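For reference, the structure is listed below as structure tokens.
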Amino acid sequence: MNSDGPQEEMIELIPLKGQTRGEDICDAVLQCLNDKGIHTGHLISVDTDGAPSMRGSQKGFVTLLQKALDRDLLAFHCILHQEALCAQTFPAECIEVMNHVIQIVNKILAKALNHRQFRASLEEVESEYADLLLHNKVRWLSRGEVLRRFVACLEHVNTFLNTLNKSLQERGDTALQMLEAVLSFERKLTVLARDVQRGTLSHFSSLREFKDAHHDHTLNSDYLKGAIVDMQAAFGGRFSEFRKEKVTLSFPVTPLEIDPSLLKTFPGIDPAELEMEMADIADKETWVAKFKRLTAELEDVSRQKAHAAQSHKWSEIESLPTPEKLVFETWKALPETYGNMKKYAFAVLSMFGSTYFCEQIFSNMNYIKSKYRTRLTDESLQSCVKIKVTNYMPDVEKLSSDVRKQKPH
């Protein structure tokens with residue numbers, strides 16, 4: 001966190017030479033924080049994948065970290081990984097079809113000649129898409145997009161799971177917004193199940209076209225509804241940590257509507273003083289109006305983002321202000337009279353809702369570790385990855401002026 005708001009940056013790329021048990025990971029992380037001079041008292045939240053070495057109840061990294069710090073943390077299971085696991089509740093027949101699609105896509109993309117011929121044929125028939133996407137089972141959660149683009153090359157189908165994937169992979173979203181996206185998708189699943197049951201298929205354009213084109217086929221609506229209900233149950237059984245802490249996650253956006261007694265306690269923030277500050281600000285019209293404007297701005301950004309996504313104008317989405325930036329600027333304007341409230345809001349804003357940034361690092365690391373690289377050291381790899389993923393822009397002119405020019409001999 002700096003004067004510009006929350007910053008997602010890689011602290012260190014730590015090589016584990018031996019085993020990768022929870023205790024090995026915990027020791028490496030604590031040593032790294034100590035070497036960097038980062039006070040562990042500022043640590044309030046940790047987000048990991050669901051591997052036993054990370055989330056094991058006895059010897060997992062999260063458990064051992066909390067024991068080492070002698071306090072509880074807000075421990076989240078990556079919302080992206082949980083969403084991907086929910087997608088695996090599809091019936092075996094659906095999974096088999098998806099696997100066939102993946103095999104076809106990968107076969108086309110695996111050989112350069114096949115790939116070039118396929119792209120040429122798509123351009124010849126003026127297809128909406130000029131290429132296919134290579135599917136990766138977990139790393140990039142691309143299941144919905146692969147299926148959507150593959151079928152769109154044939155019959156222009158829409159898939160719904162990909163919409164959620166896209167929204168969860170956007171940088172600058174708070175943990176609350178990611179949770180709201182999941183809860184919203186759960187409600188949409190109810191609508192989809194009802195749509196299938198009625199047989200109207202308003203939200204399943206490809207299925208409706210198939211039904212209209214094949215009157216001799218009977219649609220098994222109960223089977224399709226069951227698949228959607230099973231996925232809905234899977235979503236309902238996950239994200240428990242996020243649901244439990246929804247009040248805390250909501251604090252930066254709606255602090256005036258929250259009961260202080262329901263908030264999670266953070267180190268360095270006095271609960272009694274926080275409660276008194278929240279009582280004081282409730283009747284200060286200047287600050288009440290400021291949070292009302294924040295709500296309006298967030299609604300406006302969300303509306304613009306939805307409109308741009310519907311029109312496939314992805315560059316416009318990137319140019320929009322991020323929600324966390326809007327929230328940060330609002331809190332930054334508050335006087336230090338509300339210091340505990342500001343600390344609490346900034347703490348929540350600094351939480352990661354997913355490990356998406358780590359997944360990006362992993363992907364970039366694999367690309368950098370090619371057979372063509374000139375150096376094989378851990379230090380070289382770390383430097384290359386940091387340059388690739390950092391949000392900071394170097395001041396080249398200043399750096400150049402600081403370098404002493406070599407005198408000619």
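The numbers here are math on the coordinates, done by the rules we state, and not lab data. Model, not experiment: these values are computed from the prediction. Every residue, glycine as well, gets a Cβ built from its backbone with ideal geometry; the counts of neighbours run over all protein chains shown.
General observations
- Phi angles across the stretch 368-377 convert, under the Karplus curve 6.51 cos²θ - 1.76 cosθ + 1.60 with θ = phi - 60°, into 3J(HN,Hα) values of 5, 7, 8, 6, 9, 5, 8, 10, 10, 7 Hz, Gly and Pro given as x.
- Karplus (6.51, -1.76, 1.60) ³J(HN,Hα), θ = phi - 60°, over the stretch 343-352, in Hz, Gly and Pro reported as x: 4, 5, 5, 5, 5, 5, 5, 7, 6, 8
- Within straight-line cross-link reach of residue 371, aspartates and glutamates at Cα separation under 18 Å, skipping those fewer than 8 residues along the same chain: 379
- Interchain or long-range residues, amide H under 5 Å from residue 45's placed H: 74
- Among 288, 403, 46, 62, sorting on how many other beta-carbon atoms sit within 10 Å of each Cβ, with the fewest leading, yields 403, 288, 46, 62.
- Think of the stretch 346-387 as having a plus end and a minus end, set by charges on the Cβ of Lys, Arg, Asp and Glu; of 374, 349, 387, 374 sits farthest toward the positive end of this dipole.
- Exposure proxy for 336, 359, 316: other Cβ atoms within 10 Å of each Cβ, ordered fewest to most, give 336, 316, 359.
- DSSP-loop trypsin sites (Lys or Arg not before Pro) across the stretch 355-390, with at most 14 other Cβ within 10 angstrom: 369, 371, 373, 375
- Residue 5 long-range amide H proximity, modeled H, under 5 Å: none
- Cα centroid separation - the stretch 371-406 against the stretch 1-76, whole Å: 26 Å
- The ranking of 332, 343 from fewest to most other beta carbons within 10 Å of each one's beta carbon is 332, 343.
- Computed about its Cα centre, the charge dipole of the stretch 1-77 is approximately 360 debye, with only Lys, Arg, Asp and Glu carrying charge at their Cβ.
- Out-of-range pairs (alpha-carbon distance over 30 Å; input 325/398; 343/369; 36/59): 343/369
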